[in-house]
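The values are calculated or read from the model by the stated rules, or taken from the named source; none is laboratory data. Keep in mind it's a predicted model, so treat the numbers as computed, not measured. Cβ sites come from the backbone with ideal geometry, for glycine too, and all protein chains shown count toward neighbours. Remember, those area values only see protein heavy atoms, side chains included, never the ligands or the DNA or RNA. Shrake-Rupley method; radii C 1.70, N 1.55, O 1.52, S 1.80 Å.
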Amino acid sequence: MTSLPTGVGTGVGSMPGTDPTEAAAIVGGELDFTYLAELPARGIGADMVGRMGTLLVDMPIDAGPWGYRLAARPSAVTRAASDYLRFDLDALEELWDTAGFIGTGRQVKVAVCGPFTFSASVELPNGHKVLRDAGAWHDVVESTAEGLREHAAEVARRLGAQVTVQLDEPLIGAVLDGTVTPLTRLDPIRAIPLPEVVDALAGIVEQVGRPAIVHNCGAPRWDLIGRLRGVGHSVELDAAISSGPDVLDTETLDGIGELIERGDVLVAGVVSAQRADRRARAETVASGLAAITDRIGLDRKVLSDNVIATPTCGLAGASPAWARTALGICARAGELLSEDPQAL
């Protein structure tokens, strides 16, 4: 298995707007470590949960009264999600063909909804969340591994690229804490034990057989990060970039240090995904990351070997102008990390 690219910038997953060609052009124009964008503004089936519904094997989805629901057979929602994914991949392939990138082995990332966030978001036919049924969420885990493996293989085949996979798990904290909203207050959804979550995610990564990132837009779950090894983990650091590393608590500093020292990759959320920040500069981001490594006591070489710079989350809620700017800042910050981190 190839390693994650480091000392680079990339995006998280989503982009604003509804035009896949425009999104692919922005992402490809700003980044060397590009990614297949999601465009949730197109409607149902276009967000990360809808996309996962078309990638899962033998687990189609439909629209229920309160959101997505597992279905007995492919529905209009499944077909729409499949069409959106095909449009997005066609746009990316056309861009790469025009630029002469196909077959060059460039890096590309595909992001999908992780199995626990999917199971916490989607209902069973009886109205309960998938997560409430241990057999059902285990089926989602198995289907995720198979579907993601096939999806990554198709992207690699069509682009001739090195593919990294990303599991988006914004609800992982609620899953671990047992706070996922149930059908009724009298029937709570139990917490999934940490070892089961770790085993499930590690099993997916092993079966897919490609470099992997686990992304969580919320507070970092250091209990999960400490046990799930061999992948990149996201940590939001934009506050520390703007205010200095002293705003980070001891748990975060220790967690980053442990993550990097064991050889894994810090996917640092360094630029706001939602709010345009006129003060944001690539130089500020790079020097801020250097200050964090200095505070922890790490050699600055880790900035080129173990760090990826990204926005804090997907850019679907940003203006097109800020989405382009944020990606450009991350890309240039990555270049600065890889060029001469000692000079920052």
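Here are some notes:
- Put the Cα centre of region 66-104 next to the Cα centre of region 152-218 and the gap is 20 Å.
- The orientation-averaged shadow of the Cα convex hull for region 159-310, equal to a quarter of the hull surface, comes to 11.5 nm².
- Dimensionless Rg/Rh of region 1-82 - Kirkwood Rh, Rg from C-alpha atoms: 1.07
- Of the trypsin sites (Lys or Arg not before Pro) in region 143-189, those whose Cβ has at most 13 other Cβ within 10 Å and which sit in DSSP loop: ARG185
- Rg/Rg_globular for the chain, with Rg_globular taken as 2.2 N^0.38 Å and Rg from C-alpha atoms: 0.95
- Whole-percent carbon and sulfur share, accessible surface of the chain, 1.4 Å: 49
- Computed extension gain for ASP199 through ASP58, at 0.36 nm per residue and net of the alpha carbon distance, reaches 48.5 nm.
- Amide H contacts of VAL270 (H built 1.01 Å from N, in plane; Pro and chain starts excluded): LEU237, THR310, THR312 sit under 5 Å, all sequence-distant by 5 or more or on other chains.
- Per-pair calculated FRET efficiency, R0 = 22 Å: ASP254 and ARG190 via Cβ, rounded to 0.05: 0.15
- For region 62-156, the mean projected area of the C-alpha convex hull, equal to one quarter of the hull surface, is 6.8 nm².
- Remark: the CYS217-PHE87 segment gains 44.2 nm on full extension, using 0.36 nm per residue and subtracting the alpha carbon distance.
- Computed about the Cα centre, the dipole magnitude for the chain is approximately 420 debye when only Lys and Arg (+1) and Asp and Glu (-1) carry charge, each at its Cβ.
- Gained length - LYS301 relative to ASP277, 0.36 nm times residue gap less alpha-carbon distance: 5.8 nm
- DSSP beta bridges in region 51-184 [antiparallel fraction, %, rounded to 5]: 40
- Within the chain, helices built from complete DSSP H runs that reach 20 Å or longer along their own axis (Cα positions) and carry a mean Kyte-Doolittle hydropathy of -1.0 or higher are 76-99, 134-159, 194-208, 282-296, 320-339.
- Antiparallel bridges, percent of DSSP beta bridges restricted to the chain (to nearest 5): 15
- Working value for region 270-344: equivalent-ellipsoid semi-axes of 24, 11, 10 Å, each the square root of 5 times a Cα gyration tensor eigenvalue, largest first.
- On a per residue basis, the chain carries 41 Å² of accessible surface, using protein heavy atoms and a 1.4 Å probe.
- Computed over region 130-201, Kirkwood Rh from alpha-carbon pairs, angstrom: 14.1
- For region 22-40 versus region 301-336, the inter-centroid distance based on Cα atoms is 12 Å.
- Residues HIS151, HIS128 ordered from highest to lowest accessible area at a 1.4 Å probe: HIS128, HIS151.
- Selected from GLY53, GLY257, VAL112, residue furthest toward positive end of dipole (the chain; charges at beta carbon): GLY53
- Label-point separation in nm, ALA134 to SER3, each point 7 Å along Cα→Cβ: 3.9
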